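Peer 1: This is the structure I have questions about; it appears just below.
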Amino acid sequence: MRHLMTPLDFSVEELDQLFDLANDIEANMEKYAHCCAGKTLATCFYEPSTRTRLSFEAAMLNLGGNVLGFSEASSSSAAKGESVSDTIRVISAYAHICAMRHPKEGAAFVAASKSRIPVINAGDGGHQHPTQTLTDLLTIRSLKGRLDNFTIGLCGDLKFGRTVHSLINALTRYENIHFVFISPEELRVPEYITESLREKGISYEEETRLEDVLPNLDLLYMTRVQKERFFNEEDYVRLKDFYILNKKKMKLAKEDMLVLHPLPRVNEISVEIDDDPRAVYFKQAQYGVYVRMALIMTLLNITA
């Protein structure tokens, strides 16, 4: 039995196989329509989610399987004080695989240690979000044709953004990646990440102004400033509009630069660039369904 806690749980070779499967699913949906008939996915979401929870449910339904679960802690026995360990023991009797989101870092690891079914970490606090990272990597590989030899800018909340942390860790295994971290001083990428990059000899730079680096980027990964991660309203209000990507700024970018965003978007990307062919964040959401279908099949050892 295998779980997915971080993007590094799969080797680069295994990721290639996963992405090949996801691309085949994209091209041949009917071929996979009954792969998980008789199987059930439990979605245990202790924290609000739209894309991640619904894309997991869509993925399982597309595979012909069933879905059960809860969408917030208050609608589960967690409201009565039940532990994650006890919940997953019970869920193991009801489902064949579980996707869990939790506000506490490490909660999915605890669940996996007690589970009798595969557990997928669907986001734990500000720590990891591996299936979003798989989505990001599949999007880049599908649209750029490679996962190496590019400069990627990550912009916005780099301190609390679990999607950013997961993506950086995953990309360090590919050759000739140059990172550009674009954030206000208060939201810089954590020191443990930059220290790891230095130890591995991976190049990066930290900038404050998006305009200064846009012409150099092959990929721009925008993120929102997350209100739920702040301890006080004043800091959030001061930083929430620090970066807004609009048409004027996009004129500075390369013709083939791609703009990604894990969503939800607030106002950090103006709707005026949604029709720009370089804006691929809604395609990215679609790739999230394909890669989760491939992941469910892989963890359940199911082939078409």
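Each value in this text was obtained by applying a stated rule to the coordinates, not by laboratory testing. Bear in mind the structure is a predicted one, so any value in this text is a computation, not a measurement. Ideal geometry is used to build each Cβ from the backbone, glycine not excepted, and the neighbour counts take in all protein chains shown.
Peer 1: Test of understanding: express the Cα radius of gyration of the stretch 1-158 as a ratio to 2.2 N^0.38 Å, with N the residue count. If you can, show how the numbers build up before the last one.
Peer 2: On the way: Rg = 16.3 Å, N = 158, 2.2 N^0.38 = 15.1 Å.
Cα-based Rg divided by the globular estimate yields 1.08.
Peer 1: Next question, about the same structure. Please build a GNM for the chain, connecting alpha carbons under 10 Å apart, and tell me which residue among L61, L134, L158 fluctuates the most.
Peer 2: L61
Peer 1: Based only on Cα atoms, what mean projected area does the convex hull of the stretch 81-203 have, in nm²?
Peer 2: Reported value for the Cα convex hull: 9.1 nm².
Peer 1: Something else: Send over the per residue convex hull volume for the stretch 125-165, Cα only, as a whole number of Å³.
Peer 2: 71 Å³
Peer 1: Hey, could you pull the Cα Rg and Dmax for the stretch 131-284, both in Å?
Peer 2: When restricted to the Cα atoms of the stretch 131-284, Rg and Dmax are 14.5, 43 Å.
Peer 1: Quick check on my link table: of K31/K114; K249/K283; K144/K247; K159/K249; K159/K200; K39/K159, which ones sit more than 27 Å apart, alpha carbon to alpha carbon? Show your work: numbers first, answer last.
Peer 2: On the way: K31/K114 34 Å; K249/K283 21 Å; K144/K247 22 Å; K159/K249 24 Å; K159/K200 21 Å; K39/K159 38 Å.
Flagged as over cut-off: K31/K114; K39/K159.
Peer 1: Then there's this: Could you give the length gained on full extension between R265 and R198, defined as 0.36 nm per residue of separation minus the Cα-Cα distance, in nm?
Peer 2: 21.0 nm
Peer 1: What are the radius of gyration and Dmax of the stretch 25-76, computed over its Cα atoms and given in Å?
Peer 2: Cα-based Rg and Dmax for the stretch 25-76 come out at 12.4, 39 Å.
Peer 1: On each of the three principal axes of the Cα atoms of the stretch 12-55, give max minus min coordinate, whole Å, ordered largest first.
Peer 2: Principal-axis extents of the stretch 12-55 (Cα, largest first): 31, 29, 16 Å.
Peer 1: Related question: What net charge is computed for the residues neighbouring Y287, neighbours being all others with C-beta under 11 Å from the C-beta of Y287, Lys and Arg scored +1, Asp and Glu -1?
Peer 2: On the way: positive: R141, K283, R292; negative: E26, D136.
Residues near Y287 contribute +1 overall.
Peer 1: In addition: Could you tell me the calculated FRET efficiency between N149 and K249, based on Cβ-Cβ distance and R0 = 41 angstrom, to the nearest 0.05?
Peer 2: Details: r = 25 Å, r/R0 = 0.60.
About 0.95, to the nearest 0.05.
Peer 1: Next question, about the same structure. With n ≥ 4 as the cut-off for DSSP H runs, can you work out [θ] at 222 nm for the chain, using -39500 (n - 2.57) per run divided by the number of residues, rounded to the nearest 500?
Peer 2: -11000 deg cm²/dmol
Peer 1: Could you list the square roots of 5 times each eigenvalue of the Cα gyration tensor of the chain, that is, the equivalent ellipsoid semi-axes, sorted largest first and rounded to whole Å?
Peer 2: Working from the Cα gyration tensor, I get semi-axes of 31, 23, 18 Å.
Peer 1: While we're here: What FRET efficiency comes out for Q286 versus K104 if R0 is 35 angstrom and r is the Cβ-Cβ distance? Round to the nearest 0.05.
Peer 2: Once the sixth-power term is evaluated, E becomes 0.70.
Peer 1: Mind putting together the pair-distance distribution for the stretch 250-293? All Cα pairs, 5 Å bins, whole percent per bin, short to long.
Peer 2: For the stretch 250-293, the pair-distance distribution reads 5, 20, 29, 24, 14, 6, 2, 0.
Peer 1: Using a cut-off of 15 Å between beta-carbons, work out the net charge of the residues near I193 (Lys and Arg +1, Asp and Glu -1, I193 not included).
Peer 2: In short, -1.
Peer 1: Continuing with the same structure: Taking a spot 7 Å from the Cα of D24 along the direction of its beta carbon, which residues of the stretch 46-65 have an amide N less than 16 Å from it?
Peer 2: Answer for the stretch 46-65: 63.
Peer 1: A follow-up question, please. Between T50 and S113, what is 0.36 nm times their sequence separation minus the Cα-Cα distance? Round to one decimal in nm.
Peer 2: My answer for the length gained is 20.0 nm.
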